[in-house]
Each structure stands twice: as C-alpha cells, then as structure tokens.
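Have a look at the structure below before the remarks.
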Amino acid sequence: MRRLFLLPLLASLALAWPAARAQSASVELVSPAAAVRALLAPWDRPGMPGVAVSVTLDGAIAQHAEAGAADLEQGTPVTPDSVFHVASVSKQFTAFAILLLEQDGKLSIDDPLPRHLPETAGWAPMTLRQLLNHTAGLRDFGTLMPAAGWRDEDLLTDEQVLRMVLRQRGGNFAPGRRYQYNNTGYALLGEVVRRVSGKSLRAFCDERIFQPLGMRHTRFGDDIDDRVPHRVPSWQSSKGGYVRDVLSTTTTGSTGLLTTAADLSRWALNFETHAVGDAALFARMQEQGVLSDGTVNFYALGQERHAWNGLDTWSHGGRDAGYRAFLLRVPGERFSVAVVANANDIDTSILAYGIAERYLSHRPAWRAPAPETGRPGRRQLAAYAGDYELFPGYIFSLRSDGRHLLLSTPDGGEPAELPALSARRFLLSEKFHQSLEFPEDARGPSVRLDYVIGLYGRIPAPRVTLAGFDPAGVRAQEFAGRYRSDELDTEYELVARDGKLWVRHPRWPDAMLQPYQRDQFRSSAWFLQKMAFQRDGDGRVTGFLLSGPVAENIVFERVAAR
C-alpha cells in the first residue's frame, strides 16, 4: 500500500545538479511529432521499460507514439493497444460517474455523506463535494491497511478497504479546514456509485462512459482473475536493472483503471464534444474546492487546475507499483496529451508538459518560462535552517554552514548538501524531480517549506520546534507491553531488548522505535512514523496515538504490561 504515496525517494536522496529542466530553454525547429519521438528516445532501446503517448489537437487525435518494452521478460514492445494501470487518473472517472448520477437526479454533490453511506453518521459532518475536493480530512487507507498488518503482496479489495475505513472514529482535521490529497474519499465515492446506481463502478462506467466513447480497451480492474488482453506488467528500477513490481489490488474509485493512451485521448476529447455529459456537468467538473476560510484550492473534481506558461491547464497524474500515468488538457488550445508508462523512474508529468511545449510554444498565448536565477545568501540560509515536519514524525532537519544548506532525515546517514536551484529552491532528487522550496518574502525564520514533486506536486512541511532531549534517559521497559487498536482491529507488542524498544506484529519484521522527544518515538517502518505515548495521572503509560502519512492519531490502548 506504500505504492499509493509520493515518498519512495526519501530513503535514498540522489543529490546532484540537474542535467535538464522541466521545460527546455528553447524548442528545436522540428515538427512536434518528431520532437515527441525524440523525447521518447531514452526508452527506445533494448532492456528498457515502456511508455505510450497519445496527443489530441483541434478536436482529433493528432499523434500516437510508443517506445520500450511492455514486458521485459518476454521482450514484447509497447503498442497502441497496450493496457496500463493508470492509478489515480481513475479519480477523474469516479468524479464523472458521481456527476452523471447528479445529472440523473439521484444525488447532489452537496449531499451529506451519511445520506448515501449511513454507517458514517457518527463521523464529523462532511459532504460528497468535500470527498471530491480532498477536503474531508479522512485518514488514508493506504496507511491504515499496512498499519493493520496488510502487506504489499496481499490481495486488497474494495470490500476490505470499506470495512477498514468504516472502523475509523477520528480523522486528520475537521472537514473543510484544509486540502489534503486522499485516497479514502474516492474509495467511498466508488461505494456511493455502487449503492445509488445498483451497479459496480466498473459496470456503471462501462455502460455510461467507456462504451459510448469507444474506449474499448478500458475497464476498472475489480477482479484479480480477469484476463486483460495486452495488459503490461510493472517494473521498479534497482541497482541491478529493472525488477517486477506486482500490483495485487482490485481497489477501485481512487485507483484501479486499466486503459490505453489512445482511450485516454478519447476521454479527453469528450471535454470538447460533450458526447457523454451535458454542459452543466462539465462546468461542475471545474468547481474548485473552497476551504472554510474562503481559500480556493487548485483541486476541482478529479482534476487539478494550474496556470502554466500563460496557459490554463487541467490535469491529473497517477502512480501505483511501477505504473505511472498523466493526463494533461489545455482547453484554450484544444490540446491534450496522455502519457502512460510501466516503470517507477519514468516521470510521465514531465513528459506530458514537455510534449505540450513542443506542440504549443508557438501559440500566441504561450509565455516562455523565466529562468531560475539567484543564489541564497548567508542570511537566507540562516532563515531556512530549522526542523520541518513533512508527516507526523518525519522531520527534515536543515542546517547552514554559511554557504550551503545541509539536510538530515530520520533515515540516517551523514547530512547531505542540497544544491541551490535558485534563492528559494533546492534540489533533492534529479531522477525523481524533487526539490525543497521556501516561501517568497520570508522575514525571519521560514515558517514552512514545500516538498515539491515535478511541476505542481506539493506537500507543505511546517517548521516545528523540538525540545532538548536525551534519548539515553528513556527506559524502554516502561513502554513494553501489548497494545490494541479497535480502529485497525489489530494488536502490537512492544518489546524491550538490549535497552531498545521494538514494535512487533505477526505480519511484518520487528521495527526498532527511536525516541526523539519525551514519550514520542518513530520507526523505520514508513507507516509507523510516530507513536505519541499517553500516561494517566500517576504517570503510567496507558496507550499511544499512532500516525503515518495522511493518517493521524489512531488510538491504541495498553491491554497488558510486559
């Protein structure tokens, strides 16, 4: 389930000067189609995984292009019919299915969630719209499942996800308070489609979307035993080359869509033709989330809105196992591009924007990006230095030596020097297009940093103040015992061994807990990033709150001391 998150890079930061930018400084005077083929050249050789591209322009499909292997073991190439898992691009279709039901008069996106899922009546009040906009504050099932003992190789179904989600009695924040990208909301929306329509999400979308649009290679993969013609396996890069990364889930709603680049182009053209859905539905699709303080967010319904080089764009990406996908639309130029790939080191968003540049850089609305300039001075570096919490317990510690910014993470190792890309932005990983960026016009110590993935992916990390703390004073035995969580329906055993505290679960290897503040521990297991222990009036440990990425303060109660 870690596949659903954006942090596979944090264990190994590749710190180097970038050899290329998201967009080139100039576009060669060649045809756009030839330029696209040149962009795919790195994968057009033996032993490389595959990528497929489909471009629409002025109401028609303008180009298909493929490179690399669909199956590295068999040596079969990617073709226009190759079917890829597109992960979170699925959310766009789930949102559209909800809007079709609204068009049918069977629901409103402003309905309270319990109207369609009565089991959620005890939760904080939230609406379908807040699920669609990622503002509901739900815990992400991608962390809940492994925290409960599920492993990546376990078969995970919609029914199992729903059962886990409905056990939750808390969330990450009050609905509407802020935006936080979340898979649980779209899993619940898939269930709403099932209950309101009386059909599976797969059947509903096939009848109402895929068949009418001629998307004959597209389906939601809700059956692990399905035979899917031309489906490609996924691959992870490793030191020894590429290795298989098997996706063993049949979850839908937030993910699960199987499709081709060409079928995604047929879908993109529907935003122009309205062959399925009326004008009111498409206007609804563009309604961006509004927070309780009036802030308008970039995320609408299953798609993000971003200004890019003078153009208004709508997009969504996906990543799961080794699969990568990105769908970019530029309505004002009647342009779209779909990029799908089957390896974790292929950045489909960078490719999509690069292809868009090749096609659109001569248009009147285009504005060439200003080059990044400047270097941080001593005073700026001092203002950036500090501790920033990306997720509960996962802290970037930044220090300045007067000339450079140095990064330490909980993963250990020596502090790494971060190359400055500008006065405010520092490179984390060239390979995965990740950087750290600080706010403009900061006066005094920076209050936060943004962890940036690609062009627009951002996770804010607020500055935190850590108290002076000596781990040597922690008595591991004080915390040893058995702890149970009803929300996860599981137990952990905490064991004191050689003065260290270890967490034990029958489904994963033991993980050592590292104290970093009083009664607060973190572990090497990404889904156990923070344990905040609680005490009674006599100072005895009674339980802890567990937090991981996008899943905070899960209650564990101590059921036995050791």
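Suppose we filter Phe271, Phe298 for residues that are assigned by TED's automatic domain parsing to the domain that holds Glu73 and under 19 Å from the mean Cα position of the chain (by Cα); which single one remains? Break it down into steps so the answer makes sense when it comes.
On the way: Phe271 fails: under 19 Å from the mean Cα position of the chain (by Cα).
So the residue among Phe271, Phe298 that is assigned by TED's automatic domain parsing to the domain that holds Glu73 and under 19 Å from the mean Cα position of the chain (by Cα) is Phe298.
Among the residues here, Ala343 does not qualify as over 30 Å from Gly47 (Cα atoms) and small (Gly, Ala, Ser).
Identify all residues within the stretch 303-314 that are surrounded by 15 or more Cβ atoms within 10 Å (Cβ to Cβ), assigned to a loop (DSSP other than H, G, I, E, B) and out of contact with any strand residue (DSSP E or B) (no Cβ under 6 Å at 6 or more places or on another chain); write none if there are none. Across the stretch 303-314, the qualifying residue is only Asn309.
Among the residues making up the stretch 216-228, those that are touching a strand residue (DSSP E or B) at 6+ places or on another chain (Cβ under 9 Å) and under 20 Å from Val193 (Cα atoms) are Thr218, Arg219, Phe220, Gly221. Screening the candidates Arg266, Arg319 for the property of being crowded, with 21+ Cβ neighbours inside 10 Å and closer than 30 Å to Asp58 by Cβ yields one hit, Arg266.
Is the stretch 456-472 home to any residue that is over 30 Å from Tyr299 (Cα atoms), aromatic (Phe, Trp, Tyr), in contact (Cβ under 8 Å) with a residue 40 or more places away in the chain and surrounded by fewer than 20 Cβ atoms within 10 Å (Cβ to Cβ)? Yes, the conditions are met somewhere in the stretch 456-472.
Here is a yes/no grid of residues against (1) in contact with a helix residue (DSSP H, G or I) (Cβ under 8 Å, 6 or more places away or on another chain); (2) modelled with pLDDT of 95 or more; (3) among the acidic types (Asp, Glu):
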{"residue": "Lys431", "(1), (2), (3)": "no, no, no"}
{"residue": "Ser446", "(1), (2), (3)": "yes, no, no"}
{"residue": "Pro462", "(1), (2), (3)": "no, yes, no"}
{"residue": "Glu493", "(1), (2), (3)": "no, yes, yes"}
{"residue": "Trp502", "(1), (2), (3)": "no, yes, no"}
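Do we have Phe527 as over 25 Å from Arg399 (Cβ atoms), among the aromatic types (Phe, Trp, Tyr) and modelled with pLDDT under 95 here? When the stated conditions are applied, Phe527 passes them.
A Cβ distance below 7 Å, combined with a sequence gap of six or more or placement on separate chains, defines the contacts here; from the stretch 225-250, residues that are touching a residue at least 60 places away in the same chain (Cβ under 8 Å) and surrounded by 13 or more Cβ atoms within 10 Å (Cβ to Cβ) reach residues that are outside any loop (DSSP other than H, G, I, E, B) and β-branched (Val, Ile, Thr) in the pairs Val228/Val83; His230/Val83; Arg231/Val83; Val232/Val83; Trp235/Val243; Gln236/Val243. Across the stretch 285-312, the qualifying residues are those that are among the hydroxyl-bearing types (Ser, Thr, Tyr) and in contact (Cβ under 8 Å) with a residue 24 or more places away in the chain, and the one among them that is nearest to Leu455 (Cα to Cα) is Tyr299.
The one condition from (1) in contact with a strand residue (DSSP E or B) (Cβ under 6 Å, 6 or more places away or on another chain); (2) farther than 20 Å from Asp71 by Cβ; (3) part of a helix (DSSP H, G or I) that Thr252 does not meet is (3).
To keep it simple, each residue is scored yes or no on (1) of a type in the set (Ser, Thr, Tyr); (2) surrounded by fewer than 16 Cβ atoms within 10 Å (Cβ to Cβ); (3) assigned to a loop (DSSP other than H, G, I, E, B).
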| site | (1), (2), (3) |
| --- | --- |
| Ala532 | no, no, no |
| Gly543 | no, no, no |
| Ser547 | yes, no, no |
| Ile554 | no, no, no |
| Ala560 | no, yes, no |
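Take Ser265 and tell me if it is assigned to a loop (DSSP other than H, G, I, E, B) and either out of contact with any Leu (no Cβ under 7 Å at 6 or more places or on another chain) or touching a residue at least 40 places away in the same chain (Cβ under 8 Å) (or both).
Values: assigned to a loop (DSSP other than H, G, I, E, B): no; either out of contact with any Leu (no Cβ under 7 Å at 6 or more places or on another chain) or touching a residue at least 40 places away in the same chain (Cβ under 8 Å) (or both): yes.
Judged against the criteria, Ser265 is not a match.
The residue that is farthest from the chain's Cα centre (by Cα), counting only those in the stretch 382-416 that are of a type in the set (Asp, Glu) and over 27 Å from Ser349 (Cα atoms), is Asp401. Only helices (runs of 4 or more DSSP H) whose full extent lies in the stretch 70-158 are considered here, and the ones with at least 2 residues that are in contact with a strand residue (DSSP E or B) (Cβ under 8 Å, 6 or more places away or on another chain) and not assigned by TED's automatic domain parsing to the domain that holds His316 are 141-147.
Applying the condition of being outside any loop (DSSP other than H, G, I, E, B) and touching a strand residue (DSSP E or B) at 6+ places or on another chain (Cβ under 7 Å) to the stretch 275-302 and asking which residue is nearest to Leu328 (Cα to Cα) yields Val296.
The values are calculated or read from the model by the stated rules, or taken from the named source; none is laboratory data. On a predicted model such as this, the values are computed, not experimentally measured, just so you know. For neighbour counting, all protein chains shown are included, and Cβ atoms are generated from backbone atoms with ideal geometry for every residue, glycine included.
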